[in-house]
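Visitor: Starting off with a structure, shown below.
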Amino acid sequence: MPKSRLIIQHCQQNPHQFQTKEFDFDHWQSLQAKPLAGGRGASQKIEIAHQSLVLRQYRRGGLMARLSRDLYLWTGLYRSRPWREQRVMQHALEQGLPVAECMAFKIEKYRLFYRAAIITRFIPHQGTLASCLFDNELEVSQWQELGRLIRKMHQTGINHADLNANNILLNKDQKFYLIDFDKARIMSNQGSWTDNNTKRLLRSLHKIKRQRSEQELAFHFEPRHWEAFQSGYR
């Protein structure tokens, strides 16, 4: 399938000019880069110009993945997945939310379709919310803090379409960060979407707890923890 256009968009002022190969998983695997947990196996931690970054390739899930794992219909740059994601991330940063900066993204356009990848700053962390709950119980105050964070995200108009326990990080100072804003949108009005976000997070916690229970493994999440989250959210 011949390429018709290659786009590399730099999202912020950075002395490093990203090259095509730096968006290629094979290039980094040859340098023994390590894949990151979570998502659809499409993220790697990489090192460029003494900076720790994350490379993520856009991949489909669900039934559409059976037709194409990583091709999307081209409807213009401003409607592409990476353009819309970096716009949400920039808005989040401007509103003081703890998210990673977008460094650059690449689009390879193939006639009516395109593939894409994005590079963001790496957030040093001890794990996702899910993985942290494997071994430890978070304090009530931490669940309340998480509730306040999600409330602030909603107040800024960000609809995180895939808010789940693997898209929330805890850093070494026990502070929360939000990641993976693919499909996220900036909404002009509050509405049922805010409730849908929190319900999705709750479903993910219940799903992981059920899976861990079936394997006779611990997962430190109980109804009182969600009550604390809700009290912080309110």
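The values are calculated or read from the model by the stated rules, or taken from the named source; none is laboratory data. Worth saying up front: this structure is predicted, and the values here are computed from it rather than measured. Because the Cβ atoms are built from the backbone with ideal geometry, glycine has one as well, and the counts that use them run over all protein chains shown. These accessible areas exclude ligands, DNA and RNA; they are computed on the full protein's heavy atoms, side chains included. Shrake-Rupley method; radii C 1.70, N 1.55, O 1.52, S 1.80 Å.
Visitor: What aspartates and glutamates does K109 reach when the alpha-carbon gap must be under 14 Å and sequence neighbours fewer than 8 apart in one chain are set aside?
Guide: K109 reaches D70.
Visitor: Please list W143, W193 from largest to smallest accessible area, probe radius 1.4 Å, with all protein chains kept in place.
Guide: If we order W143, W193 from most to least accessible, we get W193, W143.
Visitor: Could you work out how much longer the chain between S192 and R60 gets when fully extended? Use 0.36 nm per residue separation minus the Cα distance between them, nm to one decimal.
Guide: Once the chain is fully extended between S192 and R60, it gains 45.0 nm.
Visitor: If pairing requires two Cys Cβ atoms under 4.7 Å apart, which cysteines of the chain are left without a partner?
Guide: So, C132.
Visitor: Provide the gained length on full extension for the span T156 to S68, in nm with one decimal, where the gain is 0.36 nm per separating residue minus the Cα-Cα distance.
Guide: Extending this stretch completely gives an extra 28.3 nm.
Visitor: Under a Cβ-Cβ cut-off of 11 Å, what is the net charge of the residues other than C11 that fall near it, where Lys and Arg count +1 and Asp and Glu count -1?
Guide: 0
Visitor: May I pose another question? Would you work out the charge dipole size for the chain about its Cα centre, treating the Cβ of every Lys and Arg as +1 and the Cβ of every Asp and Glu as -1, and quote it to the nearest 20 debye?
Guide: For the chain, the charge dipole is close to 1000 debye.
Visitor: Then there is this: Whenever you get a sec, compute what percent of the accessible area on the chain sits on carbon and sulfur atoms (1.4 Å probe).
Guide: On the chain, the fraction of accessible area on carbon and sulfur atoms equals 47 percent.
Visitor: Taking 7 Å along the Cα-to-C-beta vector as the label spot, tell me the Q174-R81 distance in nanometres, rounded to one decimal.
Guide: 3.7 nm
Visitor: Still on this model: Helix-only mean residue ellipticity at 222 nm, the chain, DSSP H runs n ≥ 4 weighted -39,500 (n - 2.57), per residue, nearest 500. What is it?
Guide: Calculated at 222 nm, the ellipticity per residue is -10500 deg cm²/dmol.
Visitor: Further, regarding this structure: Once fully extended, how much extra length lies between H220 and K183, figured as 0.36 nm per residue of separation less the alpha-carbon to alpha-carbon distance?
Guide: Stretched fully, the H220-K183 segment lengthens by 10.4 nm.
Visitor: Hull surface divided by four, with the convex hull built on the Cα atoms of the chain: how many nm²?
Guide: 14.2 nm²
Visitor: So what's the net charge close to T156: Lys and Arg +1, Asp and Glu -1, counting the other residues with Cβ under 14 Å from its Cβ?
Guide: +4
Visitor: Right, something else. Could you put F219, F113 in order of accessible surface area, largest first, with the 1.4 Å probe and the full protein assembly present?
Guide: F113, F219
Visitor: Follow-up. Filter the cross-link list K45/K172; K106/K175; K21/K199; K106/K152 down to pairs whose alpha-carbon distance in this structure exceeds 28 Å.
Guide: Listed pairs above 28 Å: K106/K175; K21/K199; K106/K152.
Visitor: A further question follows. For region 100-234, max minus min Cα coordinate along each principal axis, in Å, sorted largest first?
Guide: Cα extents, longest axis first: 51, 36, 30 Å.
Visitor: Further, regarding this structure: Students often get this wrong: which residues of region 190-225 have the backbone nitrogen under 19 Å from the point 7 angstrom along Cα-to-C-beta of E139?
Guide: What the label zone holds, given the 19 Å backbone N cut-off, is 220-222, 224-225.
Visitor: Then there's this: Keeping all protein chains in place, calculate the accessible area per residue for the chain (probe 1.4 angstrom), answer in Å².
Guide: 55 Å²
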